[in-house]
1. Just one of the numbered conditions (1) within 14 Å of another protein chain (Cβ to nearest Cβ); (2) surrounded by fewer than 22 Cβ atoms within 10 Å (Cβ to Cβ); (3) within 23 Å of B:Leu118 (Cβ to Cβ) is not true of A:Phe52; which one?
2. Any residue in region A:59-71 that is of a type in the set (Lys, Arg) sitting within a Cβ distance under 9 Å of a residue that is part of a helix (DSSP H, G or I) and surrounded by 20 or more Cβ atoms within 10 Å (Cβ to Cβ)? List the pairs, counting only those 6 or more apart or interchain.
3. Looking only at region A:95-105, count every residue that is in contact with an Asp or Glu (Cβ under 9 Å, 6 or more places away or on another chain), more than 8 Å from chain B (Cβ to nearest Cβ) and outside any helix (DSSP H, G or I) and tell me the total.
4. State which residue is farthest from the other protein chains (Cβ to nearest Cβ) when the search covers only region A:8-49 and only residues that are farther than 19 Å from A:Glu79 by Cα and among the aromatic types (Phe, Trp, Tyr).
5. Hey, could you check region B:40-51 for residues that are assigned to a helix (DSSP H, G or I) and facing chain A (nearest Cβ under 9 Å) and say which is surrounded by the fewest Cβ atoms within 10 Å (Cβ to Cβ)?
6. Which residues, counting only those in region A:37-91, are among the basic types (Lys, Arg) and modelled with pLDDT of 95 or more?
7. So which residues in region B:4-27 are acidic (Asp, Glu) and at pLDDT below 90, if there are any at all?
8. Could you check region A:3-58 and list, in sequence order, the residues that are assigned to a strand (DSSP E or B), under 13 Å from A:Lys94 (Cα atoms) and not hydroxyl-bearing (Ser, Thr, Tyr)?
Amino acid sequence: MSTNSYAGVDLALDGEGFLQDPAQWTPQIGEAIAAANGIPVLTDRHWIVLHFMRNTFLSTGDAPSIRGLGKESGVPVKELYQLFPKGPAKLAAKICGIPKPHGCI
Amino acid sequence: MTTIQNAPVEGAITPAPIEKVSIIVSKGSLEGIYPALIMANGARMEGIEANVFFTFFGMDAVTKSRMEHIKVATVGNPGLHLPTFLGGLPGMSALVTAQMEKKMATLDIPPIPEFIQLLVDSGARLFLCKASVDMFDLKREDFFDEMEGIITVGDFYQMAAGGQIIFT
């Protein structure tokens, strides 16, 4: 566990940089985390994925699988990998301030 | 849920992360195919490059006429804990397969054709073994359209260079 400051806010992070408390998150924090992870600008397409992912987590307690993201977010799998190159499920979860997804799929 | 954490050891060198895996699928049963697909998809989810090489009966996973009909082996499969004479009854394989597919659907594990498409969309590269294709008298058009090619063992090793090879 560590703390880091994004968008001027001190945040508790786990060892891999995921927010410990999703309630601390703001879109500005999301933009700062994205920039620190190689995505300088979040487009509307990124935000579709990020909102879908965060809402799914907040309502079900679980992050969607990559399959669920591709089927239900409105952004197909191919594009997910273009938007979030080093693993969409993990990276999008980090940016939208939810814990690291635990599924194998 | 267990969280894997490497205990810090003083003076230990952190191993370099895996950057590429090349997975060989040699078996045509459901339990022979899924682990490879899950590992390939899991690699892509971690940002790891993934190649999948289908050989021998493993080619059924990407053969158009077969990929929707992959079955659990109910004979010669001690892990199933089913007496061999029961496993050999007509319809037993279909029955066990249907049960397993139902369970997998609840876990969000896709059926094989959808899984193969998911791999391609995720940027995994899929190949066929030339020796096997020749041996079974198959042609390119018999296979899933988005296979990258039919390659030799030598090509496979070249492609796998610098990464890990997993045989299933």
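The values are calculated or read from the model by the stated rules, or taken from the named source; none is laboratory data. It should be emphasised that the depicted structure is a prediction, and the values quoted were computed from it without experimental measurement. When we count neighbours, we look across all protein chains shown, and the Cβ atoms used for this are built from the backbone with ideal geometry, even at glycine.
1. (1)
2. Partner pairs satisfying both residue conditions: A:Arg67/A:Val77; A:Arg67/B:Asn41; A:Arg67/B:Phe115; A:Arg67/B:Leu118; A:Lys71/A:Val77.
3. The qualifying residues number 4.
4. A:Trp25
5. Residue satisfying both the conditions and the ranking: B:Gly42.
6. Passing the criteria: A:Arg45, A:Arg54, A:Lys78.
7. B:Glu10
8. Selection gives A:Leu11, A:Ala12, A:Leu13, A:Leu19.
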